[in-house]
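K.L.:
The structure under discussion is supplied below as structure tokens; questions concerning it will follow.
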Amino acid sequence: MLRVKKLYQFILQRFLPLFMMTFFICLFIVLMQFLWRHIDDLVGKGLAINVICELFFYAALTMVPLALPLAILLASLMVFGNLGEKLELTAMKAAGVSLFKIMSPLIVFVSMVSVGAFFFQNNVLPKAQVKMWTLLFSMRQKSPELEIPEGVFYDQIEGYNIFVKQKNPENGHLYNMMIYDVSQGYGTANIIVADSGKLSFADDKQHLLLNLRSGESFEDLKDSRASERRMLYRRETFKSKDILIPFDANFNRMDDDVLSNQYIGKNISELRATIDSVNCRIDSIGTLYAGQLKATPYVGIPAVKKVYKDGKYIDVINQEVKLDKPLDIDTLFNGGDFSSRRQCVSGALSRAKQTKQDYEFKGYVIADERKSIRRHDIELQKKFTLAIACIIFFFIGAPLGSIIKKGGLAVPIVVSVILFVFYYIIDNSGLRLAKEGIWPVWQGLWLSTAVLSPIGVFFTYKAVNDSAVFNADAYVIFFRKLIGRAEVRNVEMKDIVMDDMSKSEAIDRTNKLICLCNEFLSAHKKRQRFYEYWTQGYSALEVRTVSETLESLVEYISNSKDILVVHRLSDYPILRKLLLYQPFRNQKFGKIAIFAIPLSVPVYLIGINQQKILKQDINKVVNVSKELITLLQKDNNDIE
């Protein structure tokens, strides 16, 4: 008997190295995805290596929620796949150790990882996200590294387009330069042409110093008094000219406080406090809007009036004004002249548009507040979904590995990628539905958990009971029972016959088979209708009785010494016992299946076709039986 402690040590020694390896591999893969997504913000900025390393460090921390579940899934698949492939899992079960006992140390370890993932999401991840996005936004605002190419216009200096025909890389001189100064707008462009020049940074690293030699400048002068035919410009010839261009080359890091108040930088208590405060703000805004709506005058009469009572003003609802007879609005409107009617209509339209715009703006304010609540609630739910995802992926990977029994990297990686892509699609779909407010936040965030949990339970149940989930033969047998191919009977002469056949008894058995077949055919002359097929079908007992009688007859007559009789037995068809002859023995289940219209109709069409083939086979049994009786009777007459 295996000692439990030794077993636990053995399983942990197999799992931990693989888990660490797969975790860092998965983290590296998702980090490369992050790099390619933000490569444009990093390349060509002249960033220091320590800044880039700091960004990658914080990005790696933010990618842990993606890498951790995938690492657990892949490691558990590989460990239990290796144990199953090397028959170590079979040996443990043969020694009386259940699968749950084998998994128990890893269950404890994964539970500890899940608890750690929860605290990581709550305490570490908000700070890492703030640091990462602060660095990323700072990098986006940094000016690109100054590297002017040859033969093309360089437009990375704001307000300037510079063309250089040739460069000297040794001393940094630029030759045959053309500069378009559009810093004052394209309508007042200043064009500078120079034979050579040199570009360098000022001491403050916030300006570029451009020293030009032997050139000319052309400046377009705009004058409001100038006519279209009169164009004013200024031309300047110079031997040496210095231009100071604003260009901040320093890396200015944003303050972390800018993003720390956002939802990405808050823990659970702060998120709940923000959600409560925003809900209170929405309620107060709704109360304010409701009060304004009540106070809106209706046909010039305010709904609420101020009344001074007991030393203070209070709101009193105006009583409804009752008319002796209904007011005819059309007569009142048509009683005025055209200008008054036009003024009335335009005033009404103007007030309606203003009211509509006012309430649309109020709706946008409420919508923004509700969007903020959803964002905070999504971040709150994420604190828990990662921990649960780790446990679910373990209970998918470990049982699945013990069922597949394939170690190495190929099969576990393929299965892990398929499952994780499936999880990623469902999770992102639910997240998008929650962000847009189509679904409640808890439904969208827990959608992937609700979908994957039954899969984990199913695989665990199958693995514990040693069920053949991926055994192809089991599915072949099932589909053969459902709709199998017809088999050809092949009966050969026996070299040695232990029991001689009695021809009279053979004839009696054959006649009995013919009677059974005729009874079956007379009971099922017409094709069954849709309702009759699903509630009755062809009785499985009748089909089994005919089939067993046929097989018993063939077995008995195969002892004959007459080669013609034995060869005639090969003409008998093999009656199949398909599930489609009678889908349900219980009529209640058949009535329920009727309402599954998209599936029940094609099954019905296939089923009645199989029933038709069955009747043809039984008809063939009758004809072959008659021919067989003729052969047996002829043989009897010859003997007499």
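K.L.:
Once the whole set of protein chains is in place, how much accessible area is left on ILE425, using a 1.4 Å probe, in Å² to the nearest 10?
P.N.:
Here the accessible area works out near 100 Å².
K.L.:
Could you state how much accessible area CYS280 has, in square angstrom rounded to the nearest 10, with a 1.4 Å probe and all protein chains kept in place?
P.N.:
Solvent-accessible area, nearest 10 Å²: 80 Å².
K.L.:
Which order do the peptides 550-557, 64-71 come out in when sorted by mean C-beta neighbours inside 10 angstrom, highest first?
P.N.:
Descending mean neighbour count gives 64-71, 550-557.
K.L.:
So how much slack lies between ILE455 and GLU216, counting 0.36 nm per residue of separation and subtracting their Cα-Cα distance, in nm?
P.N.:
Length gained between ILE455 and GLU216: 78.4 nm.
K.L.:
Does anything in region 351-377 have its amide N under 19 Å from the 7 Å Cα→Cβ label point of ILE438, and if so which residues?
P.N.:
371-372, 374-375
K.L.:
Here is a further query. Could you derive backbone 3J(HN,Hα) for region 419-436 from the dihedral phi with the Karplus parameters 6.51, -1.76 and 1.60 (θ = phi - 60°), listing whole Hz in sequence and x where the residue is Gly or Pro?
P.N.:
So the Karplus estimates, Gly and Pro as x, are 5, 6, 4, 4, 5, 5, 5, 5, 5, 5, 5, x, 5, 5, 5, 6, 4, 7 Hz.
K.L.:
So with the 1.4 Å probe, I'd like the accessible area per residue for region 16-116, rounded to whole Å².
P.N.:
45
K.L.:
To continue, here is another question. Would you kindly state how much longer the chain becomes between THR237 and LYS322 on full extension, computed as 0.36 nm times their sequence separation minus their alpha carbon distance, in nm to one decimal? Don't skip to the answer; put the middle values down first.
P.N.:
On the way: separation 85, 0.36 × 85 = 30.60 nm, distance 8.93 nm.
Separation in residues times 0.36 nm, less the Cα-Cα distance, equals 21.7 nm.
K.L.:
Taking all protein chains as present, what is the carbon and sulfur share of the accessible area of region 500-630, in % to the nearest whole number, probe 1.4 Å?
P.N.:
That fraction is 56 percent.
K.L.:
Is any residue of region 46-60 close enough, with backbone N under 18 Å, to a label point placed 7 angstrom from the Cα of LYS127 along the Cα-Cβ axis, and if so, which?
P.N.:
54-60
K.L.:
Also, quick follow-up: Tell me the label-point distance for the pair PHE137, ILE606, using the 7 Å Cα-to-Cβ offset, in nm and rounded to one decimal.
P.N.:
5.8
K.L.:
Can I ask one more? Whole-Hz Karplus ³J(HN,Hα) for region 172-182, in order, using 6.51 cos²θ - 1.76 cosθ + 1.60 and θ = phi - 60°, x for Gly and Pro?
P.N.:
Taking θ as phi minus 60°, the curve returns x, 6, 10, 10, 6, 9, 9, 10, 9, 8, 10 Hz for region 172-182.
K.L.:
Modelled label-to-label distance, TYR289 and SER269, 7 Å Cα→beta-carbon offset: nm?
P.N.:
Taking the two extended label points, one gets 3.4 nm.
K.L.:
If you rank HIS376, HIS173 by how much accessible surface each has, with a 1.4 Å probe, what is the order from largest down?
P.N.:
HIS173, HIS376
K.L.:
Determine how large the accessible area of ASP276 is when every protein chain is in place; take a 1.4 Å probe and give Å² rounded to the nearest 10.
P.N.:
About 90 Å², rounded to the nearest 10.
K.L.:
Let me ask something else. So for each of 356-367, 524-535, 449-460 I average, over its residues, the number of other beta carbons within 10 Å; can you give me the resulting order with the highest mean first?
P.N.:
449-460, 524-535, 356-367
K.L.:
Would you mind calculating the gained length between MET178 and LEU244 on full extension (0.36 nm times residue separation, minus the Cα-Cα distance), in nm to one decimal?
P.N.:
Gain in length upon complete extension: 22.2 nm.
K.L.:
Got a sec to turn the phi values of region 441-456 into Karplus ³J(HN,Hα) couplings, 6.51 cos²θ - 1.76 cosθ + 1.60 with θ = phi - 60°, whole Hz, x for Gly and Pro?
P.N.:
4, 5, 5, x, 6, 9, 5, 4, 5, 5, 7, 7, 4, x, 5, x
K.L.:
Hey, can you find the accessible area per residue of region 521-639 for me, probe 1.4 Å, expressed in square angstrom? List each step's numbers first, then the result.
P.N.:
Working: 6800 Å² over 119 residues.
Heavy-atom accessible area per residue stands at 57 Å².
K.L.:
Based on alpha-carbon centroids, what's the gap between region 270-295 and region 86-111 in Å, whole number please?
P.N.:
Cα centres, region 270-295 to region 86-111: 55 Å.
K.L.:
Sticking with this structure for a sec: How high is the FRET efficiency between LYS620 and GLU369 when r is their beta carbon distance and R₀ equals 56 Å, given to the nearest 0.05?
P.N.:
0.10
K.L.:
Which order do the peptides 239-246, 565-572 come out in when sorted by mean C-beta neighbours inside 10 angstrom, highest first?
P.N.:
565-572, 239-246
The values are calculated or read from the model by the stated rules, or taken from the named source; none is laboratory data. Every value quoted in this text rests on a predicted model; they were computed, and no experiment measured them. Every residue, glycine among them, receives a Cβ derived from its backbone with ideal geometry; neighbour counts consider all protein chains shown. With ligands, DNA and RNA removed, areas are computed over all heavy atoms of the protein, side chains included. Shrake-Rupley method; radii C 1.70, N 1.55, O 1.52, S 1.80 Å.
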